[in-house]
Structure formats: C-alpha cells, structure tokens
Number of protein chains: 2
Amino acid sequence: MAPDWIAVDWGSSNLRAWAMGPEGILAEAQSGEGAGGLTRAEFEPALLRLIAHWLQPGRQTPVLACGMVGSRQGWVEAAYRATPCTPVSSAGLVAVATHDPRLGVQIVPGLSQARPADVMRGEESQIAGALLLTPGFDGVFCLPGTHSKWAHVSAGEVVSFQTFMTGELFSLLSSQSVLRHGMGEGWDEAAFDEGVADALSRPERIAARLFSLRAEGLLNGLAPAAARSRLSGLLIGSELAGAKPYWLGQPIRLIGAAGLSASYARALAAQGVVAEILDATACTLAGLVAAKGNP
Amino acid sequence: MAPDWIAVDWGSSNLRAWAMGPEGILAEAQSGEGAGGLTRAEFEPALLRLIAHWLQPGRQTPVLACGMVGSRQGWVEAAYRATPCTPVSSAGLVAVATHDPRLGVQIVPGLSQARPADVMRGEESQIAGALLLTPGFDGVFCLPGTHSKWAHVSAGEVVSFQTFMTGELFSLLSSQSVLRHGMGEGWDEAAFDEGVADALSRPERIAARLFSLRAEGLLNGLAPAAARSRLSGLLIGSELAGAKPYWLGQPIRLIGAAGLSASYARALAAQGVVAEILDATACTLAGLVAAKGNP
C-alpha cells in the first residue's frame, strides 16, 4: 500500500492517522501519544511509530496534521490565522523540517480572534470539513468538548467565535472537587434537564447551584447518577446562557462526541432550537482534505 | 498551667487549640492534622499530640470543638441543626466517647437549610462569635473561603444562608486547569476590579470569560499576575451576582482571612456597599465561648 498522502489529527491526548488514496481512506491507525505528553524532539519518532509502514523508500509522502501539534508547546508553532477568514487555507500551511526524508509534514494553523480574545486549534479543520460536507451552510457550529466552541460561519468564513471551559469544569468538579463524593456513573435525563433549566433561568447563581449538589447529597440523599447528570446540565445550561447570541434564531450544527452532542442537542431542543449532529471524525478528515486543497 | 477548658477549631486541613482560663486564653497550639486526613481512630491521638501537656491527671478537662471534626467522615457525626435557629446552642452539643479519661470532648453541630438545600460546619461558630462581639447585629455575614457562605441573621438567629464554591473553583482553575499556564504570583488591583465588573455585568458569560484569560495570555501576553487577579475578580464577581439578594441594601460583616476579606470588601465597595471586616480567629474563639454557654 502506497498512500498518496497521510491525514493526521494530533490533539493533546491522542494521535490519529489516515492513509489516503485516490478513492479515499486506505487504512487508519491511532495511538495515545498526544501532543500534550511529548517534547519537541519526540514528535517525529511518535509519528513514525504509527505510520512508518505506510511510507515508501525513496519517495516523500505528504503528511497534513491539525490540532495541538501546532501549538507553542507542539512540534512547530503554527501561528494563528486571524478571523474573519476561511477556516483553513492550503496557502497557510506551515512546513515542518524532518529527519526522515520520506516525510513531508505540514501543519494546519489554528484561528484567533482579537476581541474578545479567543483561539482555537483543531476545530478550524472540523469546521472546514463540516462546510465541505454541507456546502453553502450559513449559521452556527457548536463544537462541544473540553473547551467548547461556538463559531458563526457565513459565506465560507468564520466570522466570530467564542470558547467556554465547560468540559474542563465538568472534569475538575466531578473528579477533583468536594462534589466528587456524591458523583457516580449512570445517567438521569430528568436531572440533566433540571440542571439546564436552572442554569438558563438564573445563570448568575451557578457557583451556588454547584454547591447545592453537595448539600442535597448530604441532606436528601441525592443519587450519584442524578448528581452527575445535574452537574452536566448546570454547566451546559450555563454555557447556553452565555452563548445565547450564537444560537438564538440561527441554524445550528453540532460537531463532537456522539453522547455529548446528544446532550447539547437535548438542551437546545428544550429552548426550541433544532440542532443537527455531524460526525466529528468525518468532519476532521474532510477538513484535512479541504486544507490540502484536494476536495 | 491547668486550663478550665480547651477550645478547638478542627477544619479539613488544620487543627487549632486554645487553653482557656478564667481571664481568657492561656496558651494556643496548632498542627496540620486536619480532619480531612484522619480516620475515625486517629482523631483522639492527633488531639492528644497537640494538647496532652495541658491536661491534669485525675481531672476531666472539657474540650469543645467545631468544624469538619463533626462531619460524616469526622470523629463523630454531629447532625446538622435546622435553620432558622441560633447559630450555636449549648444544649445541642454532641458528646464524644474517648479512651483517655482526662478528655471530655463535645462537638458543635453545623447548620442545615432545607430549601434551597445547604449546609455549613464551622461557620456557625464564627457567626455566633461575631454576634457575641457585635451584639444586636441584624444583617448579613459573608464568610469568604473554599466554600463561601452568606448568612442572613436577625434577632440572634440564622434565618437563611447560601454557599458558593468560589474558593474551590479558584484553586482548581488556577492550579489544575489550562489556565494554570498563564498564572503567576503578584497582585494587580486593576485586573481584579475589571474581573469583578465584568462578571457582575454579564454573569452568564463566566465560562467564556474564564477561557479568555488563556486566549489573552497567548495573543496579548496578559501578565501572569494580572491573569490571576482577574480570575479572582471574575469568580468573586460571579459570587456577588448570585448573592445580590443577600447584600443589596443590607449591613454586611465579612469574616475570613485578611487578604481575601479585603478583596471582597473592595468588590462590594465598587457596588456602593460598605462591609466591615471582622477577625476570623477571634470570631471562631468567641463562638466556642458562646457555644459553651460561658460568655
């Protein structure tokens, strides 16, 4: 197998690669060697461990990578492109010098916004892919995750975007704060809905509503699954309260993990907003295709 | 030295004790053996390590303790007293059986509130002490800390209270989230003021404003001291937005660590509210005196 090129999604925690042929995907591979755990010198060996068997002697195979691989602590810093702009541009790719002559690596830069200050890395490729998959879409993409993004897209450009620390807050609060004592597996949709409604109606009370999960556990025996679901609802509801200018009266597409996207869709539906869910991996891969300029 | 009794403040992280004579404090001692790090059987030895030299052979010395020592994971669980009620009551103390006959230990129970569900442990003694030090006070106590409390007190009773997870959020976000990369020592009052004003005017945007600290660090070189001060301002401003029904038009007394209380007083002053700061240790000790019924 000799791929035409290799698509790479290199985030903080994971590394995924696809061998691309003229008809599409020939093979795929992944490892846990995310950009967050590597020093500069460790990137090339980590990549070769995953894809060396796809390379041909005497030929340079193009490799296109997006994500935290291009951050200041990554392989090579790929400076942000300033919005408003297209999500990706084949002219804006940043080349990486490698020791192995079979590699021709380029990195997709992230996007920045001056006011309010904001940045993304990796999501620009997902947005580009979503636009390739739904041509002509004008509206808002929501990309839920550790640092959820809301991006307003018009005429093929990212016009503005905003990041919310929702996923990271959920992770810290459910596993490292006093609330961890009352958290457990399982899912309680009614508790999730309550949390969303509560946060949307009184967003200024969020820090008090969080502690009430602990108090209700101690006083009323709040079930661990209900506590975790309500925590998720409170944080997503708080995000929706802040992101209202993005979703109010706009067509919405969600790009993210299936379960999390379903939670966002449910929370938006309670506000009368129908959000279509796109497959995140398909968007990432389509975005790398778009960035390469070979749609 | 033979104290009449011993006052003990036993929180999650620290243990403090005062030997009390007819004229007041005879001696004091403290250790890092907080209730959070002890199993049930380790409480008595930890206490003896600190105060055994104050005890007399053949005599039982009363020991009165408040704080997390009375929690479900503490020495003995002291069930919450339900508000509205006086902050402490000598009739409500919970006795602890000890191996050493020289110890006569009693625990001050915390307070609970049914709706909205809320609990406190340790702060009830500080409130009782503050009332002893400022008799006849009718108004609101704010006790900033890991879990900040706002308590409305009238006619000597705690009428209602609310807890905000502000301090714990600050600790998690500044030391364990992505924001830690841009945080540093030092203090920037203008950045703190900005954060307070920002959170108070748009409290629903808190999760986005948090991420903007990261983005401003990457794009505009936001100074580490300014980032930390603005984070503090955002979280305290968010708490003030939620606690508005408590502080609006009310006399306020702050009980907490000096630096943190000064930050709250500054944030309240920007809203036109004058808050007097009380010494937290003096309040705790006076509260234990009040709980003992020997004012």
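The values are calculated or read from the model by the stated rules, or taken from the named source; none is laboratory data. Predicted, not measured: the structure shown is a model, and the values here were computed from it. Don't worry about glycine lacking a Cβ; one is built from the backbone with ideal geometry, like all the others, and counts go over all protein chains shown. Ligands, DNA and RNA are excluded from the accessible area calculation, which covers all protein heavy atoms including side chains. Shrake-Rupley method; radii C 1.70, N 1.55, O 1.52, S 1.80 Å.
A few points about this structure:
- First in region A:195-215 and closer than 15 Å to A:ALA267 by Cα and at the interface with chain B (Cβ under 9 Å from one of its Cβ atoms), second anywhere and of a type in the set (A, V, I, L, M, F, W, C) and surrounded by fewer than 24 Cβ atoms within 10 Å (Cβ to Cβ), Cβ under 6 Å, 6 or more apart: A:LEU200/A:ALA241; A:PRO203/A:ALA241
- For region A:38-54, a residue qualifies if it is open to solvent by 10 Å² or more (accessible area, probe 1.4 Å) and touching a helix residue (DSSP H, G or I) at 6+ places or on another chain (Cβ under 9 Å), and exactly one does: A:LEU38.
- Top-ranked residue in region B:82-120 [being free of Cβ contacts under 8 Å to residues at least 40 places away in the same chain and farther than 20 Å from B:LEU48 by Cα; ranked as most open to solvent (accessible area, probe 1.4 Å)]: B:ARG115
- Selection within region B:140-181 - within 22 Å of A:PRO203 (Cβ to Cβ) and among the hydroxyl-bearing types (Ser, Thr, Tyr): B:SER148, B:SER160, B:THR163, B:THR166, B:SER177
- Residue under evaluation B:PHE192, criteria (1) more than 14 Å from chain A (Cβ to nearest Cβ); (2) open to solvent by less than 50 Å² (accessible area, probe 1.4 Å); (3) among the hydrophobic types (A, V, I, L, M, F, W, C); (4) not in a helix (DSSP H, G or I), criterion not met: (4)
- Flag if A:LEU172 is out of contact with any Phe, Trp or Tyr (no Cβ under 9 Å at 6 or more places or on another chain) and free of Cβ contacts under 8 Å to residues at least 60 places away in the same chain: yes
- Any hit, region A:128-138, residues being modelled with pLDDT of 95 or more and of a type in the set (S, T, N, Q): no
- Considering only residues in region A:148-173 that are closer than 24 Å to A:PHE192 by Cα and out of contact with any helix residue (DSSP H, G or I) (no Cβ under 6 Å at 6 or more places or on another chain), the one that is most open to solvent (accessible area, probe 1.4 Å) turns out to be A:SER171.
- With respect to the conditions (1) open to solvent by 40 Å² or more (accessible area, probe 1.4 Å); (2) closer than 28 Å to B:ALA151 by Cα; (3) touching a helix residue (DSSP H, G or I) at 6+ places or on another chain (Cβ under 7 Å), B:CYS66 falls short on a single one, namely (1).
- For region B:216-240, taking the residues that are facing another protein chain (nearest Cβ under 7 Å) and closer than 18 Å to A:ALA199 by Cα, the one that is farthest from the chain's Cα centre (by Cα) is identified as B:SER238.
- Of B:HIS181, B:HIS147, all but one fail to be over 22 Å from the mean Cα position of the chain (by Cα) and within 12 Å of chain A (Cβ to nearest Cβ); the exception is B:HIS181.
- The residues of region B:195-210 that are in a helix (DSSP H, G or I) and out of contact with any Leu (no Cβ under 8 Å at 6 or more places or on another chain), listed by number, are B:ALA197, B:SER201, B:PRO203, B:GLU204, B:ARG205, B:ALA208.
- Unmet criterion (only one of (1) at the interface with chain A (Cβ under 10 Å from one of its Cβ atoms); (2) at pLDDT below 95) for B:ALA243: (2)
- The lone exception for A:TYR264 - which of (1) modelled with pLDDT of 95 or more; (2) out of contact with any Pro (no Cβ under 6 Å at 6 or more places or on another chain); (3) farther than 30 Å from A:PRO22 by Cβ; (4) not small (Gly, Ala, Ser) it fails: (2)
- Condition check for B:GLY217 on (1) farther than 23 Å from A:ILE236 by Cα; (2) out of contact with any Pro (no Cβ under 9 Å at 6 or more places or on another chain): one failure, at (2).
- Of the numbered criteria (1) in contact (Cβ under 8 Å) with a residue 24 or more places away in the chain; (2) surrounded by fewer than 17 Cβ atoms within 10 Å (Cβ to Cβ); (3) part of a loop (DSSP other than H, G, I, E, B), the one A:ARG72 fails is (1).
- Just one of the listed residues (A:TYR264, A:TYR246) is in a helix (DSSP H, G or I) and open to solvent by 10 Å² or more (accessible area, probe 1.4 Å), namely A:TYR246.
- If you go through region A:153-178 and keep only what is away from every other protein chain (no Cβ under 11 Å) and in a strand (DSSP E or B), you end up with A:VAL153, A:SER154, A:GLU157, A:VAL158, A:VAL159, A:SER160.
- Qualifying residues in region A:249-261 (those that are surrounded by 19 or more Cβ atoms within 10 Å (Cβ to Cβ) and out of contact with any helix residue (DSSP H, G or I) (no Cβ under 7 Å at 6 or more places or on another chain)) - the one nearest to the other protein chains (Cβ to nearest Cβ): A:LEU260
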